[in-house]
1. Run the paramagnetic zone check for Phe61: 7 angstrom along Cα to Cβ, then residues of the range 10-24 with backbone nitrogen under 13 Å.
2. What are the ³J(HN,Hα) values, in whole Hz, obtained from phi via the Karplus relation 6.51 cos²θ - 1.76 cosθ + 1.60 with θ = phi - 60°, for each residue of the range 16-25 in sequence order, with x given for Gly and Pro?
3. Taking a ≥ b ≥ c as the square roots of the Cα gyration tensor eigenvalues, with a/c under 1.5 meaning rounded and otherwise prolate when a/b beats b/c, else oblate, which class fits the range 1-85?
4. With a point put 7 Å past each Cα toward its Cβ, work out how far Ile15 is from Leu40 in nm, to one decimal.
5. Could you give the nm distance between label points at Trp49 and Glu74, where each point is 7 Å from its Cα heading toward the beta carbon?
Amino acid sequence: MSKSNSDKLIRLFQIFSAKLVLEVFGGAGAIWGFSEAVGLRVATNIWFWRPCALTVGTIFFARWIMQMQDCILEENIRLPFAVGKAANGDDEENISLHPQHEAKVYN
């Protein structure tokens, strides 16, 4: 028996909200906390360690987005706000992101 799309969306939210906290925020926090724990981060060099932690957080955030995208594709999850699809979910009607403007002729 296959899961309904709403069940898949709920599971996606559960999995990836936990991953966001543990992997993304945890990765950035680990750099910040470990640098202080071993004595590398002190009051005079916070200017150096803050961008280091933010860089690690940004890298892990990009990884988190790619993992979520893979999961959505593998599980065939339809997002209620999918770009390029009709509002009713009909795959036949595609909505262009870049509508072509027709030249208007004025008389």
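Just so it is clear, none of the values below were taken in a lab; they were calculated from the coordinates. Values in this document were obtained by computation on a predicted structure and should not be read as measured data. Counting neighbours? That spans all protein chains shown, and the Cβs are built from the backbone with ideal geometry, glycine included.
1. 20-21, 24
2. After applying 6.51 cos²θ - 1.76 cosθ + 1.60, I find 7, 6, 5, 5, 4, 5, 6, 8, 7, 5 Hz.
3. Working: a/c = 4.56, a/b = 2.90, b/c = 1.58.
Prolate, since a/c reaches 1.5 and a/b exceeds b/c.
4. Rounded to a tenth, the inter-label distance reads 3.3 nm.
5. A separation of 3.6 nm, rounded to one decimal place.
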